[in-house]
Each structure stands twice: as C-alpha cells, then as structure tokens.
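The values are calculated or read from the model by the stated rules, or taken from the named source; none is laboratory data. Since the structure is predicted, the reported quantities are computational estimates derived from the model, not experimental observations. Don't worry about glycine lacking a Cβ; one is built from the backbone with ideal geometry, like all the others, and counts go over all protein chains shown.
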C-alpha cells in the first residue's frame, strides 16, 4: 500500500511506531469493546485516573460504562498459566474527565501489559519498551523510575500508618520537604530519620548517582538491588541517557507495588507515559500471578509538532457546468499523477487555502487570474 | 532558558528580592516600563509577572518551569506540580470566621461563604459536617453580616477587617505562605538548574 505519511496526525504516526515496537517483542494486540459492565469500575474506583464514568443502561437492563480504562478489562480476562507471561498491547480510546478540561473527553491510549509469571526479566523488558516508546515519541525524553517497596519500607520503619501515611506519600509525591518535616515532627519521628525521609523524596538523578545515595540512606536492600539490576539492564539495552531514578514517582499502594515509572518528553508539560507493577490489583481481583505495564497518552502529543498553516490542497481546480465530468476527472487524474493534491470546485471556497488555483480550459488547465 | 512566573504585587516583589539576593537577578525587572517579561540572557533566566492565582496554572502547563504561588492556591486548585520550598513570606492563615458569638447549630446545614470552595468542602468533610458552600469572589466578610452565610472560610492576615466588622476567627484550617513550585517535566529536564535555584533560595530563607 502506498501510504503518504504526511497525511497522518502525529498521534497516528506514533501509534503505528509503538504497535510495531511491541509486536516485535512478542506482544499480541488486545481488542476490546467500547463498553464494560459498570460494576468492574465501581469495585476498583481508586485505580482509575478519574473516577467519573459515563454510564448507560443496556437493553437487557445491565448498567454499562464507556470504558475509562483498559488495564482493568485486561486483568479481568487474564488467565494464569504457571511459568508463562501473557504479553498484550492495546491501542484504544478511553473516556474520562481530566482536571484541566471540563466534561468528558475521548483519549487515545496505547500501552502494554504483562501478566502471569512476571520476573525481573519481564519487568526490565517493560521498562526498556517504555524507554524505547519515549524515544519514538521524541528525541529528548526522560524516564523517571521509582520503587514503591522502597518508599513503603521506609514509611513502615518510621511508623507512618493510616492518615499520616497518606499525607506522607502526598508530600513525597510533591517533593515537599517542609511539610514532610512538619509531619515527621507531628508523628514523633526523630530529626535524623526525618532528614532521611526528606532526602529520599528529593532524590532525582542518574542511577549511578542515586543508587549509592539509596544505600547511604539505609533503604531496603532488596528493592535497591532490584533497581540496580533493572537499570543495568536498561543501560545494556542502549538507554544511555534520559534515565532518572526519582523516588517521588508514586502510585496508589492499594494497587501498585514494586517499580513505578513516568515518562516525559521535551515540549509536553505533563507525563506522557506512566506505568508500574500492580500485583496488588491482581490480588484484589482474585487473580494469580504478578503484573506490570504502562500506557502512553497520545492526546498529549498533539502539540509536539509545530502547527503550520498548511494548505487544504496543492491545487484548486476550478470548472463550471459547461465542463463535462469526464474532462474534470481527467484533469484531476493528471494533477494527482504529478504527485499533487487537488480539490475540484466550481467556486473558490471562502476559507480555503490552496497552493495555486487553476481553471479548466479548452487546452487543459490555465492559471486562474 | 529557565522561565519563572512570579505573582504580581507586593508579595511578588518581595519574592523577587529573594531570587535577586540568591544570585538569580534580572536588572531589567526593576526598570519602569510596561513589559510583561524580563530576561537575563547571561544567567539564562526569564521572569514574568502573572496574576497570583494564575501562577500554578502557568507552571502546571509548562509555560513557566518554576514559579511562586501561595499555599492557598495550591490547596484550592491542587495542580500537578512539585512544591519544592516554603519561602516563609506572605504568611497568613486559612480560617473559619464568623460572628464573635457564633453557635454552630448541628441540626442545620452550615452555610459557608468563601472564595475557596474546595478547601472549605475538604475541611468540613474531614469533620463530617454537612455544609452549603456559597461561592463569592470578594467582600466575603459581608456574607455573615447580611445573613447570606453562617460563617466564612477565608485568608486572615492580621484580622483587622474581621475585628472592624465584629467578626472573629473561629478555627484555623491551615497556615499559608508562598511556596516555590516546579513543573514536573521541567524538573526532569532542568533538574540541576532548578535545584540550584532551590538551594540558593533555601539559604536566603534561612538567613
């Protein structure tokens, strides 16, 4: 098929590139219906980015929803086969609200999920694909990786429970040392431990700088070792720059555990990719095994390319009622054959923008005055 | 170039003084003119003044890499930004205020007039108190005087306006001050520059 890539929107080009990337690593496309039973979302509302869901009653009386998320549907259909990992990718529209926009929006999301006997190789592969996805989106990107086990272990050790833990996680997510310090004082955490926690929230840099710091702060050794192994895999996989360990990257610990990550590209103000390990969601949904995955938010990429005032067509071909349709068709065919785009019209459209305007004449086409 | 959004007005000028003393100066900003933004090319800094309540939006949307916003704005709009430093200026309190002799009749829905609907809703939800939020944009103190509301939730600096209108602070919800905030993507791409600003300002704040 002869495909003119210039006609594709940025998000369409990226979607094709990402799908081709995931297929090369053995991921199979997952297709789903636009609708899901609302019940699926009610029981896992906090897992959703936005808890607003568009619902309707189906003809059989069941309450349905336009899907606000893909992962829950994939997990619901997952089957555990010992020793194997189900590797799926998707390119789907989801429907949700965002804090910045009023009302619901249709958002195109491309991502992948790995479910089953997920081991460090599988997690490393997902991280590598996340880094490579960012590279396909933009030449300048950053993948920020964290480990919820490491953050959770430090909060446990300092005695943060219940509401205080929720507030501490919020402060860590905001890199907010002043309020984290105040919270530590309220909860009787000693100065040295409070400084350790504040330092953890502030850490942000290349793995080679951050990993020794994590050791110095006395962070949970298993988690530090896992981060070391995973980041070494990424380095060996060609991720030489834009890899950042940042312990402020968090997720809801009722669903997520282990690694969590977020991706940024230069020129987009919010994260365009987010993901992590979500074994706890599987447990909550009565599924065996472990899981890791990520999603890329293609709606955010619209503004990555410069908006140029292009043309509606290279050529506007004007004809009138005296011209036989066959002559108009032949003239259009000839111009298209030259590699030009053509719009044939009887009058100049008021807001149309064209490279040039020609008129059908006895001899062929003439420049229009 | 590091883009910095500062809040227009007295607070912004005070905050710029902190940046200046920390070595992130931009002499053009002191000139009398109607320019909207000011650059120090040598230091790679670009400052601009925006309405205080808009700073968080400029930073969240990446038009500014960093900025200075009041904690009241951060609590009300909950923007997706990092809150890197308490600058210790613009100190005041978010309070519940009302008539000095106010009695909260728990059998009735409490009518709360405020510019800060989200903060008021969250605060009373944490107490399990049912409220009717009356959103206003100014002269909030008038609401309980005219019977439009039972109480108000608003920023209190000295309390003089309240006293002059026979009102009093009934509860302090949260202390407020100016905070240095950063866009999350900018923090990933300009980490060293932003951290240098944080360190410089932190030293000034401690003086």
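For the reader, a short list of remarks on this structure follows.
- Residue A:208 vs. criteria within 18 Å of residue A:175 (Cα to Cα), surrounded by fewer than 22 Cβ atoms within 10 Å (Cβ to Cβ) and modelled with pLDDT of 95 or more: no
- Some residue of the range B:155-166 being closer than 21 Å to residue B:78 by Cα and either within 14 Å of chain A (Cβ to nearest Cβ) or out of contact with any strand residue (DSSP E or B) (no Cβ under 8 Å at 6 or more places or on another chain) (or both): no
- As a summary of the residue check, residue A:329 satisfies the conditions (1) free of Cβ contacts under 8 Å to residues at least 60 places away in the same chain; (2) farther than 30 Å from residue A:366 by Cα except for the one numbered (2).
- Residue count for the range B:59-74, restricted to those that are facing chain A (nearest Cβ under 10 Å) and within 14 Å of the chain's Cα centre (by Cα): 3.
- Qualifying residue in the range A:135-147 (condition: in a helix (DSSP H, G or I), away from chain B (no Cβ under 14 Å) and either on the phi > 0 side of the Ramachandran plot or surrounded by fewer than 20 Cβ atoms within 10 Å (Cβ to Cβ) (or both)): yes
- Residue A:269 passes every criterion in (1) touching a residue at least 12 places away in the same chain (Cβ under 8 Å); (2) in a loop (DSSP other than H, G, I, E, B); (3) under 19 Å from the mean Cα position of the chain (by Cα) apart from (1).
- Complete set of residues in the range A:221-244 that are within 14 Å of chain B (Cβ to nearest Cβ) and either over 19 Å from the mean Cα position of the chain (by Cα) or in a helix (DSSP H, G or I) (or both): A:241
- Against the conditions (1) within 20 Å of the chain's Cα centre (by Cα); (2) away from every other protein chain (no Cβ under 14 Å); (3) under 30 Å from residue B:23 (Cβ atoms), residue B:200 satisfies every one except (1).
- Within the range B:182-197, the residues that satisfy the criterion of being touching a residue at least 60 places away in the same chain (Cβ under 8 Å) and more than 9 Å from every other protein chain (Cβ to nearest Cβ) are B:190, B:193, B:194, B:197.
- Meets criteria (assigned to a loop (DSSP other than H, G, I, E, B) and either within 21 Å of residue A:137 (Cα to Cα) or at pLDDT 90 or above (or both)) for residue A:111: no
- Positions within the range A:153-175 being within 13 Å of chain B (Cβ to nearest Cβ), under 23 Å from residue A:223 (Cα atoms) and free of Cβ contacts under 8 Å to residues at least 60 places away in the same chain, in sequence order: A:166, A:167, A:170, A:171
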